[in-house]
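The values are calculated or read from the model by the stated rules, or taken from the named source; none is laboratory data. From a predicted model like this one, the values you see are computed outputs, not experimental measurements. No Cβ is skipped: glycine too gets one built from the backbone with ideal geometry, and neighbour counts run over all protein chains shown.
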Amino acid sequence: MNYQEMLESAYKEVEVSEECGGRFEVMRVKGHHEGVRTVISNFLQVATCLRRSPTHLLKFLGKELGIQGEIKGERLVLSRKLSSKNINEKIAKYAKTYVICGKCGKPDTELDEEGGKLFVRCLACGNKNEVHKI
Ligand SMILES: [Zn+2]
């Protein structure tokens, strides 16, 4: 397996879709470049699909990609040119860390803050897993 294949197989562990369907899937971002910026036109929908706040998702992306972003209505404007693929990979990583239960693999989870710590609490199996606060 070469490096590219390795990246792709890691990426495939989380399903990515064009739409937010009934089954849990990570929605693919619709991105384009405006000058030196990247605009994600469906950012709010992607966050809604993950059942997470857009600001939390933006914090994660900002840290992972070393960028700054601003939410403008439905859209997210990023301070640099990035490929949609790159952003989709980070969103898949976010889903794996902050949405999908590490024990049963279901996405029926909530973020819970307790005593200054952050947990992913699973509504399906009751598992509670501490995650890194962004
Ligand atoms: Zn679970």
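Can you go through K128, K93 and tell me which one is more than 16 Å from the ligand (Cβ to nearest atom) and of a type in the set (D, E, K, R)?
K93
Can you find even one residue in the stretch 44-63 that is in the same structural domain as V29 (by TED's automatic domain parsing), among the polar types (S, T, N, Q), touching a residue at least 12 places away in the same chain (Cβ under 8 Å) and crowded, with 16+ Cβ neighbours inside 10 Å?
yes
Take the stretch 93-113 and flag every residue that is assigned to a strand (DSSP E or B) and over 15 Å from the mean Cα position of the chain (by Cα).
D112, E113
When only residues in the stretch 80-92 that are within 16 Å of the chain's Cα centre (by Cα) and either in contact (Cβ under 8 Å) with a residue 60 or more places away in the chain or assigned to a loop (DSSP other than H, G, I, E, B) (or both) count, which is surrounded by the most Cβ atoms within 10 Å (Cβ to Cβ)?
Looking at residues that are within 16 Å of the chain's Cα centre (by Cα) and either in contact (Cβ under 8 Å) with a residue 60 or more places away in the chain or assigned to a loop (DSSP other than H, G, I, E, B) (or both), I get I91.
Which of (1) within 16 Å of the ligand (Cβ to nearest atom); (2) modelled with pLDDT of 95 or more; (3) loosely packed, with under 14 Cβ neighbours inside 10 Å is the odd one out, the single condition R121 does not satisfy?
Condition not satisfied by R121: (3).
What number goes with the only condition from (1) in contact with a strand residue (DSSP E or B) (Cβ under 6 Å, 6 or more places away or on another chain); (2) part of a loop (DSSP other than H, G, I, E, B); (3) away from the ligand (no atom under 14 Å from the Cβ) that V77 does not pass?
Only one criterion is unmet by V77, namely (2).
In the stretch 48-68, how many residues are touching a strand residue (DSSP E or B) at 6+ places or on another chain (Cβ under 9 Å), over 18 Å from M27 (Cα atoms) and not in a helix (DSSP H, G or I)?
Count: 2.
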